[in-house]
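The values are calculated or read from the model by the stated rules, or taken from the named source; none is laboratory data. The structure presented is a predicted model; accordingly, all values stated were derived computationally and were not measured. A quick note on method: Cβ atoms are made from the backbone with ideal geometry, for glycine too, and the neighbour counts reach across all protein chains shown.
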Amino acid sequence: MYTSRLHATNGVVTLDFDALSGELLAFVRESTADNLLKNYATRAHSPLDGMLLCDGAPRRFHAPRYADIRLHPELRPAITVRQEAREASVTLRYPALVADGEPLALSAEVTVALPEGDCRTLWTLTLDNRTGCEVDDVAFPAIDGAWLGEFWQDDVLVYPHFAGCRVDNPTEQLASAPELIHWKWQEYIYCYNVGQETGTRDERGAYVRRLNYSGEASMMWMDLYDPAEGTGLYIACRDETMAMKSLRMESFGRGDPGCGLAILHRPALGEGTWTSAPCVLAFHEGDWHWAADDYRAWFASLHRPSHARPAWFEMSPGLMAHYDFQYQGGGIVHRYADIPELMKKAQEMGINHLLLSGWNMDGFDFGFPHYTPNPNLGTEQELRDAIAACRRMGGHVSFYINARLCNTGFADQQQCIAEGAVMQRDGKLWIEKYGADDLSFASMCIGDRRWRDFLADTVRYLTHDIGADSMYLDQFAMSTSVKCYHPEHEHTGNPCAWNQGYERLLDQLEPDYAPEGLALLYEGCNDAFGPRASGQLVSELHCPFRGRMPEVYKYTFPDQILMDMMNPRRRSAMRPEHIARHSTELLHNAFTMGAYLWCYDLEEDNCWRGDDEAMARLTGILALRRAWLERYGQGRFTDTVGLKDIPKGCQVRRFALEDGLLLACAGEKGLHGAVLARWDGRGKPRCEAMTQQWPTPMPYPCLLSEMDGVTWAEVPLPQDETAVIALREAD
């Protein structure tokens, strides 16, 4: 009997494959009978597509379709479905993949497992390449034309752009025009997206947004969910090696609706075979928190290396950043002799941690990698003495170095660049630009042992010789990972070893930490490196401004500390007006998320002292955060899970404590109303509160009630701007 479709089900999820081509035609949640794949995207390909790098232009390849198979019957895949009572598996063997309608000497095998009782389907791909070209990208599993429920307009896509972002109605939003502004600060012209994420149109007509890991992608998962339907789709890669990859989201627009999601593997495969890490496609109930829970559980099973944070950092509410020693254009605001006074001013605000940038020879965003004292600012001994004075004051000091860049204009660095810079496939070096038009920087390859040794030696010098107890590595996890083909680097034969190079750097740094530890900070956040850092700078200001969600990473890894940049409403020249006018919202969001506040003191460029209202708010919140840490510790961030009925206009986040829970609350127009918090403790809790105006614990009321077998504590919100409320087991 003729069969056009082949079915596989475990009773939870059903998959339908085209019996001739092996294309994925249905992905059905059995409890609702909802097929996620609602539009057959003719310009996209499932279950995989990819890119070959040949001597000429790149060539996109994909699994053969009907027309390809009619012309070349030998292309028909062999499809095997093993269907058991409560589980199933599917194998698709492609004799050859195609590009531009022509068969390639590139074969593939796809396996899909549907375990018993599991909403997660597990996907694996093996390629055998005999083309003479390099397999660059492979999108697998790749789906398109997807939405949940009746309408695509109410779907939400959450993805790990830096710490996290969301796209509302991704079908239409990804295909919309970007909302960009430009902002001038000193030598810099910054571009800011004041809207949500958008895609870039490719040769297929798809509007594609790609996030490289590491770099813009901090984790390897995305989640598409429908708040009205209470259902979602999760896609993730379970790669224990944390190898360089990318995430792809795409749309063909409203006229060809549906969202496309894919894991982009980076095999850099020449002749031979390659097998992907297992990937997950899963239906789930609820929103993106389910996806984060699943990814966290998998990651915890890996038992990755971790490093304890120094005790002082655990109790610190934030740092004061000074980029104003020597700017890129040569302007000098402070010298080494000023550092103790800068520490004193920070301590008066409630901050005990300085970050010094532009301290080095030739200054910030110019003198990379001249990480030696700048004679325009003072002598090495003056720098050493200044740091020692700060330490005697009970303060802590971090130095800025850039983990990536080398100024191409420095005569003394030409050998370093030739030996250590990222080399592209065509032999050209990877060059980046920041600030002034006449400056350029080589991106240095972390897979070059000489560059890695230099960074480790610099950290050792600044901590052991100069006396800092904290280090900040700029661009460490924020800037994109890059393939490197330099023949003399450690990764020879594997140009995609970027993440592994940074892990080796962390290995080199740890043996030199002082007994009390080093507060290691870096730009960006990333699951591969996060367990070994004290703080990760998420730079929420640089995300698409509508849709930023740093809580996505924080909830996935609740025990890690994220740092976020704060700015005042006035005297905020470093940031554009659309950010400055949301300064209180950003501060409140960071506070309720338990973030480490990265504040600036840049005199006329970004300074709190010229804004009395913002200064009072910041100092009040810093005092409240210190009291929170001293009395309750960091807590374990659970976001809004376990909360109900949060009043409109208020931010309330929940933290788990060893003996209860903590609510971090903020409201720009003042807190009001009451919130329900799930209470799993014994009996009625002890409840106490602290507020911005009264950062001392005071007894506080709460009322318990039962709903559907769950105990809820009704907690009125204090009449203040920010507050901390703790519910703990009674003695």
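One line per residue, one yes/no per condition, for (1) in contact with a strand residue (DSSP E or B) (Cβ under 7 Å, 6 or more places away or on another chain); (2) farther than 19 Å from Phe27 by Cβ; (3) surrounded by 17 or more Cβ atoms within 10 Å (Cβ to Cβ):
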| site | (1), (2), (3) |
| --- | --- |
| Tyr66 | no, yes, no |
| Arg86 | no, no, no |
| Ala99 | yes, yes, yes |
| Ala108 | yes, yes, yes |
| Ala113 | yes, no, yes |
| Asp155 | yes, no, yes |
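Taking the residues in region 311-342 that are part of a helix (DSSP H, G or I) and under 31 Å from the mean Cα position of the chain (by Cα) as candidates, determine which candidate is nearest to Ala519 (Cα to Cα). Step through it out loud before you land on a result.
Step one: filter region 311-342 for residues part of a helix (DSSP H, G or I), giving 311-314, 336-342.
From the residues that got through so far, the ones that are under 31 Å from the mean Cα position of the chain (by Cα) too are 311-314.
Values: Ala311: 9, Trp312: 9, Phe313: 7, Glu314: 10 Å.
Here the answer is Phe313.
Among the residues of region 249-263, which ones are closer than 19 Å to Leu24 by Cα and either surrounded by fewer than 23 Cβ atoms within 10 Å (Cβ to Cβ) or not assigned by TED's automatic domain parsing to the domain that holds Leu48 (or both)?
To start, the set of residues in region 249-263 that are closer than 19 Å to Leu24 by Cα comprises 249-252, 256-263.
Scanning region 249-263 gives Asp256, Pro257.
Please determine whether any residue of region 71-93 is under 16 Å from Val138 (Cβ atoms) and at pLDDT 95 or above. Walk me through how you get there before you give the answer.
Start the filter on region 71-93 by keeping residues that are under 16 Å from Val138 (Cβ atoms), which leaves 92.
Still in the running and at pLDDT 95 or above: 92.
Yes - at least one qualifying residue is present in region 71-93.
What pairs can you find where one residue is in region 408-433 and among the aromatic types (Phe, Trp, Tyr), the other is assigned to a strand (DSSP E or B), and their Cβ atoms are less than 6 Å apart, with a gap of 6+ or different chains?
The qualifying pairs are Trp430/Ser443.
Give region 692-725 a look and list any residue that's out of contact with any Cys (no Cβ under 9 Å at 6 or more places or on another chain) and in a strand (DSSP E or B), or say none.
Hits for region 692-725 are Met698, Leu703, Leu704, Ser705, Glu706, Met707, Val710, Thr711, Trp712.
For region 188-238, name all the residues that are part of a loop (DSSP other than H, G, I, E, B), of a type in the set (A, V, I, L, M, F, W, C) and crowded, with 24+ Cβ neighbours inside 10 Å.
Here is the first cut: in region 188-238, the residues part of a loop (DSSP other than H, G, I, E, B) are 194-199, 202-206, 214-216, 218-220, 227-230, 238.
Those left that are additionally of a type in the set (A, V, I, L, M, F, W, C): 194, 206, 219-220, 228.
Selection gives Met219, Met220.
Considering only residues that are more than 15 Å from Tyr400 (Cβ to Cβ) and modelled with pLDDT of 95 or more, which ones fall in region 318-329?
To start, the set of residues in region 318-329 that are more than 15 Å from Tyr400 (Cβ to Cβ) comprises 318, 329.
Matches in region 318-329: Gly318 only.
How many residues, within region 140-158, are in contact with an Asp or Glu (Cβ under 7 Å, 6 or more places away or on another chain) and within 22 Å of Ala78 (Cβ to Cβ)?
1
For region 373-398: of the residues being touching a residue at least 60 places away in the same chain (Cβ under 8 Å) and surrounded by 18 or more Cβ atoms within 10 Å (Cβ to Cβ), which is nearest to Met361 (Cα to Cα)?
Leu383
Just wondering, is there one or more residues in region 454-464 that are touching a Ser or Thr at 6+ places or on another chain (Cβ under 6 Å) and not β-branched (Val, Ile, Thr)? Talk me through it step by step, then tell me what you get.
To start, the set of residues in region 454-464 that are touching a Ser or Thr at 6+ places or on another chain (Cβ under 6 Å) comprises none.
No, the conditions are met nowhere in region 454-464.
How many residues are touching a strand residue (DSSP E or B) at 6+ places or on another chain (Cβ under 8 Å) and either surrounded by 20 or more Cβ atoms within 10 Å (Cβ to Cβ) or among the hydrophobic types (A, V, I, L, M, F, W, C) (or both) if we restrict to region 453-474? So that I can check it myself, show each step before the final result.
Here is the first cut: in region 453-474, the ones touching a strand residue (DSSP E or B) at 6+ places or on another chain (Cβ under 8 Å) are 455, 458-459, 462-463, 466-474.
Now narrow it down to the ones that are either surrounded by 20 or more Cβ atoms within 10 Å (Cβ to Cβ) or among the hydrophobic types (A, V, I, L, M, F, W, C) (or both): 455, 459, 462-463, 466, 468-474.
Of the residues in that region, 12 qualify.
Restricting attention to region 77-89, and to residues there that are in contact with a Gly (Cβ under 9 Å, 6 or more places away or on another chain) and in contact (Cβ under 8 Å) with a residue 40 or more places away in the chain, which single residue is farthest from Gly117 (Cα to Cα)?
Pro77
Are there any pairs with C-beta distances below 7 angstrom linking a residue in region 280-293 that is on the phi < 0 side of the Ramachandran plot to a residue that is of a type in the set (D, E, K, R) and crowded, with 24+ Cβ neighbours inside 10 Å, with the two at least 6 apart or on different chains, and if so which?
Between residues of region 280-293 that are on the phi < 0 side of the Ramachandran plot and residues that are of a type in the set (D, E, K, R) and crowded, with 24+ Cβ neighbours inside 10 Å, the close pairs are Trp288/Asp223; Ala291/Asp223.
Among the residues that make up region 564-571, is at least one of them buried (at least 22 other Cβ atoms within 10 Å of the Cβ) and outside the structural domain of Gln536 (by TED's automatic domain parsing)?
Checking region 564-571: not a single residue is buried (at least 22 other Cβ atoms within 10 Å of the Cβ) and outside the structural domain of Gln536 (by TED's automatic domain parsing).
Kindly establish whether Thr640 is among the polar types (S, T, N, Q), within 26 Å of His289 (Cα to Cα) and at pLDDT 95 or above.
Working: among the polar types (S, T, N, Q): yes; within 26 Å of His289 (Cα to Cα): yes; at pLDDT 95 or above: yes.
It is true that Thr640 is among the polar types (S, T, N, Q), within 26 Å of His289 (Cα to Cα) and at pLDDT 95 or above.
Search region 581-592 for residues that are not assigned by TED's automatic domain parsing to the domain that holds Gly620 and surrounded by fewer than 19 Cβ atoms within 10 Å (Cβ to Cβ) and pair each with any residue that is part of a helix (DSSP H, G or I) and of a type in the set (Val, Ile, Thr) when their beta-carbon atoms are under 9 Å apart and the residues are at least 6 apart or on different chains.
Once the first residue is not assigned by TED's automatic domain parsing to the domain that holds Gly620 and surrounded by fewer than 19 Cβ atoms within 10 Å (Cβ to Cβ) and sits in region 581-592, no partner that is part of a helix (DSSP H, G or I) and of a type in the set (Val, Ile, Thr) comes close enough.
Counting only residues that are aliphatic (A, V, I, L, M), within 17 Å of Trp147 (Cα to Cα) and in the same structural domain as Glu116 (by TED's automatic domain parsing), give me the strands (runs of 3 or more DSSP E) lying completely in region 1-70 with at least 3 of them.
Working: elements: 5-9, 13-18, 24-29, 49-53, 59-62.
The strands (runs of 3 or more DSSP E) meeting that bar are 24-29.
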